[in-house]
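J.: What follows is a single structure, and I will ask about it in a moment.
The values are calculated or read from the model by the stated rules, or taken from the named source; none is laboratory data. These numbers come from a predicted model, not from an experiment. Here the Cβ positions follow ideal geometry from the backbone for every residue, glycine too, while neighbour counts run over all protein chains shown. Calculation scope for accessible area: heavy atoms of the full protein, side chains included, ligands and nucleic acids excluded. Shrake-Rupley method; radii C 1.70, N 1.55, O 1.52, S 1.80 Å.
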Amino acid sequence: MKFFVSVVMFFVLLKCFTAAQTLIQDSCKTAAAKDPNLKYDLCVQSFEQDPQSKIATSLSGLVLASTNNAASKTINVKGIVETILKSKKYAPGTESALRTCVELYDDANDSLKEALTNIKSGDYRSANVHLSAALDEPGTCEDGFKEKHVKSPVTNENNVLFQKILIPLAFTNMF
């Protein structure tokens, strides 16, 4: 009898996981079709690496998971820039751009926190506004380096961060 119960539980969990995978793939496909800036593969990969999204049963669950993921990535990239500043291993003339980026990541994180509050209350229109504000910050950071005609040490991180914020933004546009 225990074996039978174990087998049934296994198949129930497998079905839930499969349903989550289908939800993720279908949602990323729809979002990528509507927004040409969104990379489908990165969208799916982002969700597959996040345990919270694997248990999502709806688009709103994916929006919540992806917004949390974007906030986490924002904090991560800010930490990278702070480490660069502390180590003083940056090109001459880039310190002010790096410090501006730290402030921009703080602003992005604040916007993402507001978006999370909106998402939890079901206010996707307001969440969209806050996600849009957060989306601007990685590009603004990169612009600071371009203005100084120096190479940004965090271009790759900013590109990934842009995508991580674009995912919940694209998903809120699906409501």
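J.: Looking at the structure I just gave you, is GLU142 within 14 Å of the chain's Cα centre (by Cα) and among the charged types (D, E, K, R)?
T.: For GLU142, the condition - within 14 Å of the chain's Cα centre (by Cα) and among the charged types (D, E, K, R) - is not met.
J.: Continuing with this model, one more query. For THR172, are the conditions met, namely being within 15 Å of the chain's Cα centre (by Cα), among the polar types (S, T, N, Q) and either buried (at least 19 other Cβ atoms within 10 Å of the Cβ) or within 18 Å of ASN37 (Cβ to Cβ) (or both)?
T.: So THR172 fits the description; yes.
J.: Just give me the residues in the range 135-156 being open to solvent by less than 50 Å² (accessible area, probe 1.4 Å) and either among the charged types (D, E, K, R) or closer than 17 Å to TYR105 by Cβ (or both), in sequence order.
T.: LEU135, GLU137, PRO138, GLY139, CYS141, GLU142, GLY144, PHE145, SER152, VAL154, THR155
J.: Among the residues in the range 55-74, are any within 15 Å of ILE165 (Cα to Cα), charged (D, E, K, R) and modelled with pLDDT of 95 or more?
T.: Yes, there is a match, as at least one residue in the range 55-74 is within 15 Å of ILE165 (Cα to Cα), charged (D, E, K, R) and modelled with pLDDT of 95 or more.
J.: Taking the stated definitions as given, is LYS164 of a type in the set (Lys, Arg) and either in contact with a strand residue (DSSP E or B) (Cβ under 9 Å, 6 or more places away or on another chain) or surrounded by 18 or more Cβ atoms within 10 Å (Cβ to Cβ) (or both)? Quick ask: steps written out before the conclusion?
T.: On the way: of a type in the set (Lys, Arg): yes; either in contact with a strand residue (DSSP E or B) (Cβ under 9 Å, 6 or more places away or on another chain) or surrounded by 18 or more Cβ atoms within 10 Å (Cβ to Cβ) (or both): yes.
When the stated conditions are applied, LYS164 passes them.
J.: Sort out which residues of the range 26-45 are assigned to a helix (DSSP H, G or I) and either among the basic types (Lys, Arg) or touching a helix residue (DSSP H, G or I) at 6+ places or on another chain (Cβ under 6 Å) (or both), and write them in order of number.
T.: Once the filter is applied, which keeps residues that are assigned to a helix (DSSP H, G or I) and either among the basic types (Lys, Arg) or touching a helix residue (DSSP H, G or I) at 6+ places or on another chain (Cβ under 6 Å) (or both), the range 26-45 yields SER27, CYS28, LYS29, ALA31, ALA32, LYS34, TYR40, LEU42, CYS43, VAL44.
J.: Okay, moving on. Before we move on, is GLU82 farther than 24 Å from GLN52 by Cβ, touching a residue at least 12 places away in the same chain (Cβ under 8 Å) and among the acidic types (Asp, Glu)?
T.: yes
J.: Look through SER132, SER121 and report the one residue that is open to solvent by less than 60 Å² (accessible area, probe 1.4 Å), at pLDDT 95 or above and of a type in the set (S, T, N, Q).
T.: Matching residue, one of SER132, SER121: SER132.
J.: Being modelled with pLDDT of 95 or more and either on the phi < 0 side of the Ramachandran plot or crowded, with 21+ Cβ neighbours inside 10 Å (or both) is the requirement here; does ASP35 meet it?
T.: Answer is yes for this residue.
Residue by residue, here is whether (1) of a type in the set (A, V, I, L, M); (2) closer than 17 Å to LYS73 by Cα; (3) assigned to a loop (DSSP other than H, G, I, E, B) holds:
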{"site": "TYR90", "(1), (2), (3)": "no, no, yes"}
{"site": "GLY93", "(1), (2), (3)": "no, no, yes"}
{"site": "CYS101", "(1), (2), (3)": "no, yes, no"}
{"site": "ASP107", "(1), (2), (3)": "no, yes, no"}
{"site": "SER111", "(1), (2), (3)": "no, yes, no"}
{"site": "THR117", "(1), (2), (3)": "no, no, no"}
{"site": "SER126", "(1), (2), (3)": "no, no, no"}
{"site": "GLY139", "(1), (2), (3)": "no, yes, no"}
{"site": "ASP143", "(1), (2), (3)": "no, no, no"}
